[in-house]
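The structure appears below as structure tokens.
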Amino acid sequence: MIAATNTMRNGNEESTANPTAKMAAGSPTNVQHPDAREHVGAHQTESHEHMEAEEAIESHEAAVPVEDKPRRNRSTSHLKLVPETLELREKLREAAEEYAKYLDKSRPFNKSALESHSRKLLEQQGQPEGFLGFAMVLIGNAFWKRQFLAIPFERRLLLLPHCLKHADGCPADYDEFGLDCEKCGACSIADYKVRAEQLGYKVLVAEGSPIVLKIIVSGHVDGILGVACLNVLEKAIDKVLLAGVPSYAVPLHSGDCKNTKLDESWVWHCLEKYEPLEESPTSGYIPMMRASNQMFDEQFDEVLPQVRQGTSAGDLLLGETESIARRWLVQGGKRLRPFITLAAYDAVMGGVGLKSAAGDELPTFSLEARRTAMAIEAFHKASLVHDDIQDNDPYRYGQETLHRQYGVGTAINVGDYLIGLGYRLVSQSRRELGAEAASDIMDRLAQAHLRLCEGQGAELRWAGESLLNLTTLDAMKLYALKTSPAFDAALYAGLRMAGPADAYESMVPAFCRHLGVGFQILNDLLDWEEQAPNKIVAGRDAELAKPTLLLAMALEAAKGPVRDELTSAILEPLAATVRSEKLRKLYHKLGVFERAQTLVEKCRSRAEALADEVQPEELRQLLYFLVDTVLADTTVPVPQVQLVSLSGLPPLVGKTVGAT
């Protein structure tokens with residue numbers, strides 16, 4: 001959403017550190033936020049989970065009857081108005097370009113800084129707050145324009161929305177990537193597409209930032225010229241702009257998905273222009289993302305050589321578990337956790353990779369660092385295999401789950417294999433990492449594994465009538481156990497590889513707890529989206545009557561007849577789709593979705609408060625980036641896309657975007 005978050009972060013040119021928190025140059029320290037000072041050690045997990053869960057809901061209103069409280073309206077539609085006249089739009093664009101001349105361009109915006117600058121621009125121009133979303137696009141454009149124009153045409157992506165098509169007479173069909181334009185001339189899509197391809201652009205006619213970021217991270221393009229409505233552009237800010245992707249956006253005049261209009265001259269203004277850049281480019285996280293992604297592509301056999309390579313029938317059977325595990329390890333997902341490990345390591349080692357810009361050479365990491373990052377992903381993928389079995393989920397990454405493909409027994413075995421593989425990857429690197437560091441990392445991984453199993457075990461036991469006793473605190477404890485430990489292990493592993501991590505012992509679990517809990521709440525909300533990434537049906541958790549925070553909030557808020565209706569929806573033997581639809585209506589009636597969003601914002605603010613006091617600056621900025629991206633509101637539907645081919649791109653077979 002468009003909302004200010006933390007004043008410590010507003011403005012690229014403003015201070016983001018507390019000078020009193022600094023130690024000698026190059027020495028990491030952590031002056032804890034007051035909310036976190038009660039945590040005295042990373043291993044006191046049970047009391048931590050209880051205190052953090054209570055802290056996260058201390059001011060929550062779910063226990064109070066909903067009729068007694070005004071609902072918080074989080075709609076931001078009133079902030080996404082587009083000026084009606086071209087004259088005013090041009091005036092604001094020119095003002096934004098003048099404003100951006102004085103901004104520090106050494107690193108990308110965070111979202112709150114972008115909003116702050118946009119509000120200042122509107123105030124200077126005497127324009128209403130309703131143009132805030134539009135102004136944010138203009139400031140972002142002005143910030144990145146010179147760097148976008150310095151990117152060669154063949155390294156650019158033109159992103160067009162399908163709603164530009166002629167709605168009633170368009171002959172084009174949809175493929176995996178969206179609209180397959182017939183170039184019939186009935187709309188402007190063909191004009192842009194033909195000219196862009198002549199220049200060397202890659203062209204995509206679809207919407208949704210997950211696929212765009214996936215293409216960027218894959219290394220095929222370095223910048224984006226995009227056309228979209230303000231709703232879609234807001235999501236792009238969360239997923240693309242903050243990562244440091246040079247971009248130029250042309251907003252549609254409305255969010256109507258039919259025969260919409262735009263200022264075509266704004267597209268042509270950048271489409272055919274190339275201007276070499278003289279000053280240093282803005283740093284970003286794309287090179288680090290690409291380095292992490294490389295481990296699962298061209299470096300995969302180096303980091304994880306295949307052990308069993310026999311060709312006889314017996315050898316093939318012996319090697320099947322390894323083969324399935326290797327394919328599963330490289331399939332799907334954003335590979336966020338190995339990125340966290342490598343980025344944290346880089347941040348405390350001087351931040352060379354984090355100071356790179358899109359188009360720069362990729363940072364390099366030792367084999368031991370890459371093995372450790374791969375181990376984090378192996379544990380994560382193992383947990384997904386087992387979770388899919390326990391929930392009997394039919395699909396993962398847009399494909400059938402492993403237990404549907406190979407049977408439950410084989411899938412369990414593959415998950416177990418991945419756990420052993422994760423430990424072996426770290427153990428193999430103990431000489432280079434140091435025995436003590438390797439031991440500490442393995443202990444953290446084991447701790448994360450145990451806590452995940454405790455959380456999953458408790459979730460499985462919440463069933464039937466016991467669900468009626470589920471409280472918000474119970475759900476928060478489950479989330480702290482199930483989701484946060486993987487972030488904790490990933491962040492800690494990167495810091496520990498760089499040296500002793502004592503200064504971060506209390507910050508890491510507290511920060512990751514807020515990050516993980518907020519992420520899980522957003523995932524619950526995303527579960528209700530009809531076209532959410534990695535979802536075939538909406539409301540899957542409700543169909544399974546899982547102990548979610550949304551259900552707990554509804555149980556605590558429902559009174560009288562509404563409580564009876566909720567109880568019936570939970571306990572009666574209803575068809576799965578009927579149950580989920582009943583719960584959806586009750587959740588809306590009780591304001592559950594709005595309350596859950598409020599709790600996400602609380603997780604965000606607490607995580608940011610912990611990050612405020614972290615040194616060195618590169619690590620602090622990384623933590624801010626994780627908050628902005630992991631806790632980005634992605635509840636606007638985006639298309640599920642299988643990367644097979646794209647105009648001007650080689651195939652990326654078997655990789656589905658939009659999944660975690």
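The values are calculated or read from the model by the stated rules, or taken from the named source; none is laboratory data. Note that the structure is predicted; figures quoted are calculated from it, not measured. Positions of Cβ are backbone-derived with ideal geometry, glycine not excepted, and every protein chain shown enters the neighbour counts. Keep in mind that these areas ignore ligands, DNA and RNA; they rest on the heavy atoms of the full protein, side chains included. Shrake-Rupley method; radii C 1.70, N 1.55, O 1.52, S 1.80 Å.
Values for this structure:
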{"read-out": "Using distinct alpha-carbon pairs, which all enter the 1/r mean, Kirkwood radius of segment 444-567 in Å", "value": "16.0 Å"}
{"read-out": "Rh by Kirkwood over Cα pairs, then Stokes-Einstein D for segment 188-317 at 0.890 mPa s and 25 °C, µm²/s", "value": "139 µm²/s"}
{"read-out": "Phi to ³J(HN,Hα) by Karplus 6.51 cos²θ - 1.76 cosθ + 1.60 over segment 415-421, Hz, x for Gly, Pro", "value": "x, 5, 4, 5, 5, x, 4"}
{"read-out": "Among the listed pairs K202/K334; K91/K602; K477/K602, those beyond 26 Å (Cα-Cα)", "value": "K91/K602"}
{"read-out": "Vicinal HN-Hα couplings computed from phi for segment 427-444 (Karplus, 6.51 cos²θ - 1.76 cosθ + 1.60; Hz; Gly/Pro x)", "value": "4, 4, 9, 5, 5, 6, 6, x, 4, 5, 5, 4, 5, 5, 5, 5, 5, 5"}
{"read-out": "Theoretical FRET efficiency, 1/(1+(r/R0)^6), r = Cβ-Cβ of E197 and E361, R0 22 Å, to 0.05", "value": "0.20"}
{"read-out": "Label point distance in nm, E129-E278, each placed 7 Å from Cα along Cα→Cβ", "value": "4.2 nm"}
{"read-out": "Dimensionless Rg/Rh of segment 402-458 - Kirkwood Rh, Rg from C-alpha atoms", "value": "1.11"}
{"read-out": "Ordering of 262-270, 468-476, 546-554 by burial proxy (mean other Cβ atoms within 10 Å per residue, highest first)", "value": "546-554, 468-476, 262-270"}
{"read-out": "Nonlocal amide H pairs with S283, under 5 Å, H built at 1.01 Å", "value": "R107"}
{"read-out": "Among A236, P246, S283 the positive-end extreme of the charge dipole of segment 220-292 (Cβ point charges)", "value": "A236"}
{"read-out": "Ratio Rg/Rh, restricted to segment 291-370 and using Cα atoms, in which Rh is the Kirkwood radius", "value": "1.10"}
{"read-out": "Sequence of R595, R146 when ordered by accessible area, the most exposed leading, probe 1.4 angstrom", "value": "R146, R595"}
{"read-out": "For segment 505-611, convex hull of alpha carbons as volume per residue, Å³", "value": "110 Å³"}
{"read-out": "Listed residues G415, S466, C453: farthest to the positive end of the dipole of segment 400-466 (Cβ charges)", "value": "G415"}
{"read-out": "Estimated inter-spin distance, A575 and S106, nm [label 7 Å along Cα→Cβ]", "value": "6.2 nm"}
{"read-out": "Cα gyration tensor category, rounded, prolate or oblate, for segment 374-518 with a/c compared to 1.5", "value": "oblate"}
{"read-out": "Burial order of peptide ranges 411-420, 457-466, 385-394 (average beta-carbon count within 10 Å, highest first)", "value": "411-420, 385-394, 457-466"}
{"read-out": "Area accessible to solvent at S506, 1.4 Å probe radius, in Å²", "value": "20 Å²"}
{"read-out": "Two-decimal log10 I(q)/I(0) for segment 307-445, as the Debye equation yields it once each C-alpha is a single scatterer, q = 0.17 Å⁻¹", "value": "-1.00"}
{"read-out": "Amide H within-cut-off set for V203, under 5 Å, with H built and near neighbours excluded", "value": "L158, S647"}
{"read-out": "Approximate spin-label separation E264-V408, in nm, with each point projected 7 Å along Cα-to-Cβ", "value": "6.0 nm"}
{"read-out": "Sequence ranges 148-158, 330-340, 121-131, ranked by mean other-Cβ count within 10 angstrom, highest first", "value": "330-340, 148-158, 121-131"}
{"read-out": "Theoretical gain in end-to-end length, A313 to D297 [0.36 nm per residue, Cα-Cα removed]", "value": "3.0 nm"}
